[in-house]
1. Could you please find all residues in region 34-48 being under 25 Å from GLY117 (Cα atoms) and buried (at least 16 other Cβ atoms within 10 Å of the Cβ)?
2. Quick one: in region 200-216, of everything that is in a helix (DSSP H, G or I) and in contact with a Leu (Cβ under 8 Å, 6 or more places away or on another chain), which residue is surrounded by the fewest Cβ atoms within 10 Å (Cβ to Cβ)?
3. Tell me which of these PRO147 doesn't satisfy, since it passes every other one: (1) touching a residue at least 40 places away in the same chain (Cβ under 8 Å); (2) under 30 Å from SER264 (Cβ atoms).
4. I need a count of the residues in region 100-128 that are part of a loop (DSSP other than H, G, I, E, B) and without any contact (Cβ under 8 Å) to a residue 60 or more places away in the chain.
5. Only one of these is among the small types (Gly, Ala, Ser) and open to solvent by less than 60 Å² (accessible area, probe 1.4 Å): ALA114, ALA95. Name it.
6. Between a first residue in region 55-80 that is under 19 Å from TRP17 (Cβ atoms) and a second residue that is of a type in the set (Ser, Thr, Tyr) and at pLDDT 95 or above, which pairs have beta carbons less than 6 Å apart while being 6 or more apart in sequence or on different chains?
7. Identify, by number, the condition in (1) among the hydrophobic types (A, V, I, L, M, F, W, C); (2) closer than 16 Å to ASN248 by Cβ; (3) in contact with a Leu (Cβ under 6 Å, 6 or more places away or on another chain) that LEU155 doesn't meet.
8. The conditions are (1) of a type outside the set (Lys, Arg); (2) open to solvent by 30 Å² or more (accessible area, probe 1.4 Å); (3) modelled with pLDDT of 95 or more, and ILE129 fails exactly one of them. Which is it?
Amino acid sequence: MKETTFNKTQVIKFIIWTFGIAYLIQAGVGVLSTTGLGFLAQPVMALMMFVPLLGTVLAGGNIKTIGWKPRFRGNVRLFLLAWFSPALLTAVGAALYFLVFPAHFDLSGAYLNAAAGTDVIAQMEAQGITYPVYILIGIASALAYAPAINMVFALGEEVGWRGFLYPQLRAKFGARVGRLIGGVIWGSWHFPLIWLIGYEYGYGYFGFPVAGMLLFCFITVALGIIFDWVYEKSGVIWLPALFHGSFNAAATLPLMVTVQDTGSARLLGSAPVGMLAGLPLMVFAAVLFLKSGRRAGTE
């Protein structure tokens, strides 16, 4: 990868544009969620993922040299890791959570009822699709094609975070500290959603919404370390975008088999953004983090 020279002016402009636009959008999502237009919130949030790309362009960052050309030769293992490891990490994390909270495991379809209405399961069963079969279909899609679809939207974030901001922070602070700072910045970019619509953790947990905000930064630091490692190793921006898309595809699967009201335990799991269910993810990130430090120390 091309060496990056820290540009303070561009970084400041990027932060202002990326946070300013995204926070306005998130405020709008908060309004939508309290009206009859709540069904528009998810599409708007999906489009918001392109804001870091826009922020990079508005800040004058060079997006031409961030690795647009797919390179499979030498990157096959990283490709397989990006596609399949999020589902594996999510499954292991969910298993840990349900071992601790077995009463939270649920196959009644309460998750789908809450998300799509009580008639949906009856309609599926009329077509011969039981809720366990529906779950299997969800797992199959998360492994087969959802990562590729989600990758398109995740690319908007990855261009901004891994393509522009993280190299800038690494140039200024080094790999370790740069990735920590980048993860906190990335996590705080989501703060209004956590407050306004209970993003990832819902409402009513102990310390709402600050506890959710802090925990989410732990998760984004871990994900940022992994995504940036994939980007640094491959030199291809599509691979961290694929990893990001695969993670998004797998992350909601545990919720399909979780009771609706878990209270403050939502901060622990069962999705991998919880402290307990996210342990496999954080361990993986910690290994990469320590390796990056040892490598830097020998250079």
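1. The answer is ALA41, MET45.
2. ALA211
3. (2)
4. 6
5. Result: ALA95 is the single residue among ALA114, ALA95 that is among the small types (Gly, Ala, Ser) and open to solvent by less than 60 Å² (accessible area, probe 1.4 Å).
6. These pairs meet every condition: GLY55/THR18; ILE63/THR56.
7. Status for LEU155: all satisfied but (3).
8. Looking at each condition in turn, ILE129 falls short on (3).
The values are calculated or read from the model by the stated rules, or taken from the named source; none is laboratory data. Worth saying up front: this structure is predicted, and the values here are computed from it rather than measured. Note: ideal-geometry Cβ built from the backbone for every residue, glycine included; neighbour counts use all protein chains shown. The protein model used for the area step is the full one, side chains on, heavy atoms only, and it has no ligands, DNA or RNA in it. Shrake-Rupley method; radii C 1.70, N 1.55, O 1.52, S 1.80 Å.
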